[in-house]
Every structure is written in C-alpha cells, then in structure tokens.
Amino acid sequence: MIWYLLLTMIVAWRLYASLKEKKLNKLAKEIGLIDKPMMPILGHAYLFLSTRKEIMKLFEFLAEESSRHRGLIGFWNINRLLVNITDPEATEFLLKTCLSKDHGLLRGPLMFTGNGSIFAPVNIWRPRRKILAPTFSMKNLNMFVNVFADQTAVMGNQLAPKAGAGDFSVFKYVANYTFDAVCETALGIQIQSQIKQNSFVNAIDEIFRMTGDRMNSFTARHDFMYRMMPCFKQYDKQRQLLYRFVNEIIQIKREEAAKPAECAGTLHGFKKSKVPSFLEMIMEHSGSIGGYTDLELREETMVIILAGTDTSAVGTSFALVMMSRYEEVQKKVYEELKGVFGDSNRTITAADLPSLKYLEAVIKETLRLYPPVPVIVREVDRDVTLPSGVTLVKDVTAFINILGIHRNREYWGDDADDFRPERFLEGPLKHPNQFIPFSNGVRNCLGYQYAMMSMKTALSSVLRRYSILPPDGMDPEQLKKPLRLEYDVSIKHVDKFIIRIEKRNS
C-alpha cells in the first residue's frame with residue numbers, strides 16, 4: 001500500500017513538472033531567449049559565474065537584448081525561466097501585481113538583515129510597512145537635514161588636505177559621511193567614523209565587502225553551503241558584533257522611554273543626537289499594536305543601515321565623478337548654489353533644498369545612468385497577463401532591469417546614453433516607471449526622499465567649498481566615455497571614484 005501511494009505521488013509530481021516545463025518552454029519560445037548558448041543542466045546560469053565587472057556587462061547585454069524584443073527577453077537559470085524586462089509598462093504592472101521577492105538571488109543581504117522589510121516575505125512586510133511609512137514623513141525627514149548639514153561639514157573638513165594634492169578616491173570620505181548620518185538618524189548616536197575608525201565602522205565595511213563577494217559566488221549562494229565555507233566565521237564575527245551593538249542600543253532606548261529623566265548623557269559611549277531617531281519613532285508608532293519585538297527592531301534598523309549607507313554613498317560619489325567630467329554642468333550647479341546662498345557660508349536648511357532644482361536634476365540624471373541597484377527580482381506566483389498581451393506563467397522570475405529601463409531609447413530618446421541633466425527639467429516623463437532608481441509601486445524604497453535629501457546636502461556642501469576636477473591627464477575624449485562598472489551590494493565604479501579637488505576662491 002505504501003509503495004503504491006509513493007508511486008502515485010511520483011507520477012503526479014512528474015506530470016505536474018512536465019506540464020510546468022511545457023508552459024515555461026512555450027513562454028520562452030513566445031518572448032525569445034537571449035543570444036547566448038545554453039549549457040546542459042545550467043542553462044544560462046554559467047553567465048553569472050564571472051567577475052563583478054563581467055556581471056555588470058551581462059546586465060548591460062540583457063538590457064540591449066530585451067530592448068530589441070519589445071522590452072522582454074528570457075534566459076534559463078538551470079530549470080527556472082527568468083524574464084528580463086526593460087519595458088516601463090510591464091514593470092509598472094509587475095511591481096503592483098507581484099510583491100514577493102526572489103530570495104534565491106538575495107541571500108547575501110538577507111543573512112545580514114533577516115526579515116527586515118526591504119527583503120521580507122509579503123506576510124511579514126505588509127504589517128511592518130504600515131508602521132514604517134509614517135516615520136519617513138517629510139516632517140520627520142526635514143528634521144534630519146540639520147544632521148546631514150553637520151556631518152557634511154565634517155566631510156568638508158576631512159577633504160581639506162586633498163585640495164590641490166592630486167588624484168584620490170572620494171568614495172571612502174562619502175561612505176563615512178553617510179554612515180555617520182545613518183547612525184545618527186537611525187540609532188540616535190554620533191559615531192564619528194569620519195574622524196576616527198572604530199570596530200563598528202570596520203565591521204560594516206567587512207559586512208559590505210563579504211556580502212558583495214557572496215552575491216557574486218555561485219557556491220556561496222545557499223546559506224547551508226556558505227556556513228561551511230572558511231570565510232563565514234569572519235562574516236559571522238562581524239555580523240554578531242553589529243547585532244550586539246544594535247541590541248544594546250535598543251535596550252537603552254527602551255529604558256529611556258520608561259524612565260527618560262534617568263537616561264541623560266551618552267549612549268553606548270557615544271554622544272546622543274539632538275533629533276529623534278528612526279529607532280525611537282518605530283518604537284513609538286508600533287506601540288499601538290503591542291510594539292515591535294527586539295528582533296523586529298534590529299532587523300529594520302539593519303535595513304536602514306545597509307540601504308542608507310551604501311546607496312547614498314554610491315549616488316553621491318557617482319554625481320561627483322560626473323560633475324568632475326562635465327565642467328559646464330558643475331558650473332550651473334555652482335551658479336544655482338550662489339543664487340541660494342550668495343557669498344555667505346551659512347549652513348544649509350530644509351527650506352533651501354526645494355530651490356536646488358538643477359542640482360536635483362544632476363542627481364537624477366546620475367541615478368538614471370548609474371542606478372545603485374541595477375536589477376530587482378520578483379516572483380510570479382500566478383499566471384499574469386502583461387499590458388502587451390504576453391502572459392507570464394506561474395513560477396517565472398521577473399528580472400526587472402533598471403539599468404535597461406533607464407536607457408530605453410523609446411522613452412529617453414536617441415541620447416539615452418548621454419549625461420544630460422536638463423532632461424529632468426523639460427516637463428513630465430513619458431511614463432512614471434521609466435525612472436525607478438529606488439524601485440516603484442507598493443514595495444518601493446521608503447528611503448527615497450531620505451537619500452535624495454542626504455545627497456543634495458552633501459553635494460551642495462562640497463561644491464560650495466571645492467571645485468571638482470577629473471583625474472590628472474584625462475583627455476576630452478576620455479571624459480565623455482561611459483564609466484566602467486562592477487556589481488557589488490550596489491554598483492561601483494571600477495576606477496574607484498577618482499577625482500581631484502581645489503579650494504574655491506570665496
């Protein structure tokens with residue numbers, strides 16, 4: 001009897017697998033496959049077994065391929081069909097319809113953030129989103145501009161020895177700024193990583209480096225395999241250090257909420273921020289449903305640290321590189337800054353940010369050409385029909401290629417590959433999903449405005465003090481060439497964000 005039942009289950013499973021395979025093959029034939037040979041068993045998965053630079057070239061290749069096939073093109077990851085998408089209409093539909101993220105491609109960040117809302121399953125993400133959303137209101141974000149201004153002033157001072165001293169990589173200076181700003185706004189402490197190194201700064205650097213390594217490693221993709229690798233011990237050591245750090249701050253914040261008068265002064269040895277932190281606001285907003293657990297608070301804090309540090313640092317650094325290469329663009333930004341601040345050296349305020357329209361256009365154009373997250377993935381958990389009439393069947397993975405969407409000539413024109421900030425001042429876009437550097441739809445990044453305000457503040461502060469120049473010896477032709485990229489937690493500049501700076505004559 002048992003053997004008969006087992007045989008029946010095997011036959012039923014094989015019939016289901018055969019039907020599923022038939023539907024996937026039919027879809028693959030309808031939309032077409034990329035112009036690369038398939039390997040036995042692996043399919044096209046071997047293309048991802050490459051260097052960080054080669055993977056970025058693969059994303060660019062996928063973008064070009066789908067643009068030649070009405071914005072959709074398929075490729076096989078072993079037995080799973082992925083549909084690369086560069087069509088804004090299809091993207092809009094899928095971001096509204098398919099809310100589950102493909103965790104198979106997100107193992108690296110997941111091990112650090114756990115079920116933090118950016119990667120969480122839908123049943124966990126949905127209730128948390130309702131609590132998190134109010135904390136990112138403009139009222140709260142405007143309070144953080146003072147933090148951004150104070151921290152960018154420190155960054156400006158740290159850059160001073162580099163003025164007139166030749167080529168250098170600006171990324172570390174910007175990353176330390178964003179880490180300080182995130183720690184102050186998320187945790188409520190002034191960690192001062194721009195001034196002095198500490199174990200927490202080193203830990204986050206190691207976590208980012210090892211997460212990037214893991215995301216580009218086929219053998220480390222599954223948790224079980226990664227835990228057996230020699231590098232996991234070091235990864236877990238740094239992760240646990242950060243967990244203990246955040247856990248202790250959570251406990252202190254809980255004590256502060258219960259007995260505020262007894263908890264003045266420093267926090268975990270660091271000076272406390274003058275503004276309420278995201279952590280405090282999340283604790284307050286979650287109180288109506290019984291409050292977040294310590295684990296939930298830690299997970300959401302880790303998401304803010306991961307996304308807030310790296311994304312803003314990458315966007316700011318790319319913008320500095322682009323302005324170093326486009327002198328006329330930098331001149332327009334500086335003229336706009338002079339129009340707002342005159343010859344004063346007063347600190348920027350939240351009220352100043354809306355006036356910096358051209359600077360915002362520069363940031364957006366930078367994010368268009370170099371989106372920090374070049375692709376996002378969604379699981380298609382049921383058959384869905386796109387506006388074009390193509391039906392994506394259950395168990396397909398939607399590989400939404402932001403890099404390709406941002407360079408789709410049908411929407412951006414023949415100069416889609418050119419750096420031209422003015423395009424964001426020429427009226428509304430043809431489609432709201434043709435520009436999605438922070439995703440879109442109900443699972444978009446809540447920190448979009450936070451990142452924009454941080455980048456605006458940082459860039460305005462640096463440009464008021466310094467002229468940004470390209471690396472020494474670059475000829476005019478080299479200046480206009482696309483930047484070489486590599487794939488990491490966020491995309492990075494292969495040439496390490498090298499610029500020069502000189503002090504402005506005030």
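Miscellaneous remarks
- Of note, Ser66 does not satisfy the criterion of being more than 21 Å from the chain's Cα centre (by Cα), on the phi < 0 side of the Ramachandran plot, assigned to a loop (DSSP other than H, G, I, E, B) and of a type outside the set (A, V, I, L, M, F, W, C).
- Options Ser454, Ser460; residue that is within 19 Å of the chain's Cα centre (by Cα), at pLDDT 95 or above and among the hydroxyl-bearing types (Ser, Thr, Tyr): Ser454
- Criterion violated by Leu99 - all others in (1) outside any helix (DSSP H, G or I); (2) touching a residue at least 40 places away in the same chain (Cβ under 8 Å); (3) more than 28 Å from His285 (Cα to Cα); (4) not small (Gly, Ala, Ser) satisfied: (3)
- Residue in region 171-194 that is touching a Cys at 6+ places or on another chain (Cβ under 9 Å), of a type in the set (Val, Ile, Thr) and in contact (Cβ under 8 Å) with a residue 40 or more places away in the chain present: yes
- Thr185 passes every criterion in (1) in a helix (DSSP H, G or I); (2) farther than 17 Å from Phe270 by Cα apart from (2).
- Restricting Met9, Met39 to those that are modelled with pLDDT of 90 or more, surrounded by fewer than 15 Cβ atoms within 10 Å (Cβ to Cβ) and of a type in the set (A, V, I, L, M, F, W, C) reduces the list to Met39.
- For region 464-497, residues that are touching a residue at least 60 places away in the same chain (Cβ under 8 Å) and polar (S, T, N, Q) total 2.
- Candidate set: region 78-96, residues that are farther than 17 Å from Leu42 by Cβ and among the β-branched types (Val, Ile, Thr); chosen: the one surrounded by the fewest Cβ atoms within 10 Å (Cβ to Cβ): Val83
- Among (1) within 30 Å of Tyr235 (Cα to Cα); (2) in contact with a helix residue (DSSP H, G or I) (Cβ under 9 Å, 6 or more places away or on another chain) - the single one Leu49 does not satisfy: (2)
- Boolean, Leu459 is buried (at least 16 other Cβ atoms within 10 Å of the Cβ), touching a residue at least 60 places away in the same chain (Cβ under 8 Å) and in contact with a helix residue (DSSP H, G or I) (Cβ under 8 Å, 6 or more places away or on another chain): yes
- Thr349 falls short of the stated requirement of being more than 27 Å from the chain's Cα centre (by Cα), among the β-branched types (Val, Ile, Thr), more than 27 Å from Ile55 (Cβ to Cβ) and surrounded by fewer than 16 Cβ atoms within 10 Å (Cβ to Cβ).
- When residues of region 473-506 are limited to those that are of a type in the set (A, V, I, L, M), touching an Asp or Glu at 6+ places or on another chain (Cβ under 7 Å) and under 17 Å from Asp213 (Cβ atoms), the one modelled with the lowest pLDDT: Val489
- Residue match in region 122-130 (condition: on the phi < 0 side of the Ramachandran plot and touching a strand residue (DSSP E or B) at 6+ places or on another chain (Cβ under 7 Å)): no
- Counting the residues of region 453-469 that are aliphatic (A, V, I, L, M) and either farther than 13 Å from Met323 by Cβ or in a strand (DSSP E or B) (or both) gives 3.
- Any hit, region 160-170, residues being buried (at least 21 other Cβ atoms within 10 Å of the Cβ) and assigned to a helix (DSSP H, G or I): no
The values are calculated or read from the model by the stated rules, or taken from the named source; none is laboratory data. Fair warning: this is a prediction, and the values are worked out from it, not measured in the lab. So basically every Cβ, Gly included, is an ideal-geometry build from the backbone, and we count neighbours across all protein chains shown.
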